[in-house]
Structures are given as structure tokens and as C-alpha cells.
Amino acid sequence: MKQFISVNDVPDINHLVDKALAYKKKPFADNKLGNLKTLGMLFMNPSMRTRISTQIAARNLGMEVIVFNVDKEGWQLEFEEGIVMNGKMAEHVKEAAAVMGEYFDVLSIRTFPGLVNKEEDYSERYIRQFIKYAGIPVVSLESATLHPLQSLTDIITIKENMQSSGDSKPKVVMTWAPHVRALPQSVPNSFAQWINAWKETDLTIVQPKGYELDEKFTNGAAIMYDQNEALQNADFVYVKNWSSYREYGKILNTDPSWMITKEKLKYTHHAKVMHCLPVRRNLVIADEVLDSTQSIVTEEAGNRVWAAQAVLSEILLNQE
Ligand code: CP
């Protein structure tokens, strides 16, 4: 694998899932693969799970890791081509990314959307420019519109928790839930993109009107607007808030009845409840669910290590 920006970089999802599950059993099986290689981890936004799990994954492969919080510790970066840099931006991405390419063997980076300009966010201009100028493999730690390490993790977690149900595929329901802040569409876009490409489950997406995601990611999923109806017979309930794609970046609905409660799960197949975390308790998911055996959010976050390790391993193998 040359880079890891979306599911389109992955030739075989199940190969990556199986590899991750093998690392979960034997974390140090390839502990020499990354010897004398350095992973750079650049954060333009906060992170807990992605940062720590990827560091552990790299260490398990024998890599050195350097974490750089660009937003807090670096020079402010300019991304505009041909601009006169007489404002507050001190360094152009052309030099910054190229220098990273000199220091590291693999570059990983987290960027976020501004949620103001849809075209700019959906062009992925920040991560694209790092790819263009770094000259080394780039791994997304979440970009403006996608979070592939999270989605690979989610598939690993679903596979681990899938019950054999004859010929029928497990029903996965991704449901919108309320939030007080306008959040990116990256996690739900990416989840839909990966689940659709994986083809081993049936995906339903349920949301209030106005929260439809970009069809480029959701095509193939059933789209519904009645949460109780959508949740019927679900095997997995993937809960997430996102801001509107159509009325870009806006909060259109705060209806608390969309929160996931025990009552809502009554007509599911005792569904497992997933969330990428961080989750706001009793706003997005009720305590009674998060504290129950139906919640697999901690196991899901734990699997971030094995997803990252499988991805880094494939990239290192491609460099040999
Ligand atoms: N799910 C996830 O990416 O968590 P962090 O933002 O803490 O990395």
C-alpha cells in the first residue's frame, strides 16, 4: 500500500482486517519490520485515541515515532499557491512538507474541516498538499472529510462481533444523534464508504431531514428518516452526530428524542452499540446504554491499535 487516505487505497479490505486481528493475537510478530524507520505524526487538531493507538502500533513494529502538534508548536502554515506571504502565516506547506519528507519515512497527519466552505473542505486541500510535497507515504489520521483508520477499526470490531445468521447479512444502522457543536462529516462519510465497499453487511443510514450525507459515500445504503423504524432488527447500531452537508456545517436539529436509549434498542437484535468516541453522555447516548453490555465502544477504541498496525505494516512492506 502506497498511502492510506481512503478505502480506495486498500486493494483488499479483508486482508487488512485479518492482518489486524492477527496483530491483536501477536502484537510483536513483526517487531523488526520498522527498525530504523521513523513515523512522523502531525496534528493540526486535538486527538486522544488516534495519537496513542498509532504510536503504540508503530512501536509494535519497531518504528521510532515523532509527534508534532503543528497547531500549538509549529509555525503557522500557508497553503495558498503564489501568495505574497506578508500576513501571519510564517511557512509555506511546500517547504514544511518537503522538510518532513527529509526527516521521516512515513508521514501521518490529522487535519480538520473549517465547516464553512464545502468546496474547500471536500477538495481535501490540506492533506493533498502534504501528499504532493512530502514525497513519502502519507497516512490519514482523519482528514476534512474522511477518517479511514476509524472505519477500518469499525469493520474489525463488527467482524469480531458478527454472529452467524445463516445466509442473511448483519444489519448495520448508522444513526444521527444530537450534539451541541457542529461536527465534521468525516466519520459518517468514511463509515458509509468502507461498509459499502466491504459488502458483508446491509447498511441503513437514519437521520433527520437535511442531514443527508454526500451520496458519493452513501450510495448503496438504505436512507431512512424514522429512527425507530430503521433500528428494527439491527445487529449493530453505529451512533454519530454530524453537521449538515447540504446546509454546509449547520446544526439544523437538536431534538433530544434522537439520543440512543435502552428503549430505542428494544426492537433490535440485542444490537451492539458503537461510537468512535469521544461521546457526550446523555446527549448522544444514554448512560444506561454506554454502561451496558450492549456497548462495545471501549473494545472498538482498543482495536484502533490493530488497525493502525496493519496499515503501517502494509506501507512498510511496500517500501522494502
Ligand atoms: N475517534 C477518534 O479519532 O478519537 P480521537 O479524536 O481522540 O483521536
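Conditions tested, residue by residue: (1) assigned by TED's automatic domain parsing to the domain that holds Asn233; (2) crowded, with 19+ Cβ neighbours inside 10 Å.
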position: Val273; (1), (2): yes, yes
position: Pro278; (1), (2): yes, no
position: Asn282; (1), (2): yes, no
position: Asp287; (1), (2): yes, no
position: Ile296; (1), (2): yes, yes
position: Ser313; (1), (2): no, yes
Checklist outcome for this item: Going through the stretch 36-52 in order, the residues found to be within 16 Å of the ligand (Cβ to nearest atom), outside any strand (DSSP E or B) and modelled with pLDDT of 95 or more are Ser47, Met48, Arg49, Thr50, Arg51, Ile52
Checklist entry - Just a yes or no: is a residue in the stretch 120-141 outside the structural domain of Glu102 (by TED's automatic domain parsing), of a type in the set (Ser, Thr, Tyr) and more than 16 Å from Met274 (Cα to Cα)? => result no
Checklist entry - Can you name every residue in the stretch 107-126 that is of a type in the set (Val, Ile, Thr) and either within 16 Å of the ligand (Cβ to nearest atom) or within 28 Å of Lys199 (Cβ to Cβ) (or both)? => result Ile109, Thr111
Checklist entry - Given the structure, is Pro178 outside the structural domain of Val99 (by TED's automatic domain parsing), within 16 Å of the ligand (Cβ to nearest atom) and touching a Ser or Thr at 6+ places or on another chain (Cβ under 9 Å)? => result no
Checklist entry - Among the residues of the stretch 53-74, which ones are at pLDDT 95 or above and part of a loop (DSSP other than H, G, I, E, B)? => result Leu61, Gly62, Met63
Checklist entry - Say we look at the stretch 129-174 and pick out the residues that are hydroxyl-bearing (Ser, Thr, Tyr) and surrounded by fewer than 19 Cβ atoms within 10 Å (Cβ to Cβ); which of these is farthest from Gln193 (Cα to Cα)? => result Tyr133
Checklist entry - What number of residues within the stretch 199-209 satisfy the criterion of being in a loop (DSSP other than H, G, I, E, B) and crowded, with 20+ Cβ neighbours inside 10 Å? => result 1
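Just need a number here: residues in the stretch 257-302 that are assigned to a loop (DSSP other than H, G, I, E, B) and either at positive phi or within 16 Å of the ligand (Cβ to nearest atom) (or both).
The number of residues fulfilling the criteria is 10.
Could you tell me whether Leu16 is surrounded by 16 or more Cβ atoms within 10 Å (Cβ to Cβ) and assigned to a helix (DSSP H, G or I)? Please lay out each step first, then the result.
On the way: surrounded by 16 or more Cβ atoms within 10 Å (Cβ to Cβ): yes; assigned to a helix (DSSP H, G or I): yes.
Judged against the criteria, Leu16 is a match.
Could you list, in sequence order, the residues of the stretch 127-160 that are closer than 19 Å to Lys2 by Cβ and either of a type in the set (Lys, Arg) or more than 16 Å from the ligand (Cβ to nearest atom) (or both)?
The answer is Arg128, Gln129, Phe130, Ile131, Lys132, Tyr133, Ala134, Gly135, Ile136, Pro137, Val138.
Scan the stretch 19-35 residue by residue and report those that are part of a helix (DSSP H, G or I) and either closer than 22 Å to Ser140 by Cβ or touching a residue at least 12 places away in the same chain (Cβ under 8 Å) (or both). It would help to see each step written out before you state the result.
Step one: list which residues in the stretch 19-35 are part of a helix (DSSP H, G or I), which gives 19-25.
Lys19, Ala20, Leu21, Tyr23, Lys24 - these are the residues of the stretch 19-35 that are part of a helix (DSSP H, G or I) and either closer than 22 Å to Ser140 by Cβ or touching a residue at least 12 places away in the same chain (Cβ under 8 Å) (or both).
Scan the stretch 53-104 for residues that are closer than 30 Å to Thr153 by Cβ and either surrounded by fewer than 19 Cβ atoms within 10 Å (Cβ to Cβ) or within 16 Å of the ligand (Cβ to nearest atom) (or both) and report the count.
Start the filter on the stretch 53-104 by keeping residues that are closer than 30 Å to Thr153 by Cβ, which leaves 53-74, 77, 79, 93, 96-97, 100-101, 103-104.
Remaining after also requiring either surrounded by fewer than 19 Cβ atoms within 10 Å (Cβ to Cβ) or within 16 Å of the ligand (Cβ to nearest atom) (or both): 53-59, 62, 64-74, 79, 101, 103.
Final tally of qualifying residues: 22.
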Item to check | Number of the condition not met by Arg128 [criteria: (1) under 19 Å from the mean Cα position of the chain (by Cα); (2) touching a residue at least 40 places away in the same chain (Cβ under 8 Å)] | outcome: (2)
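The values are calculated or read from the model by the stated rules, or taken from the named source; none is laboratory data. This is a predicted model, so every value here is computed, not measured. Cβ atoms come from the backbone with ideal geometry, glycine included; neighbour counts cover every protein chain shown.
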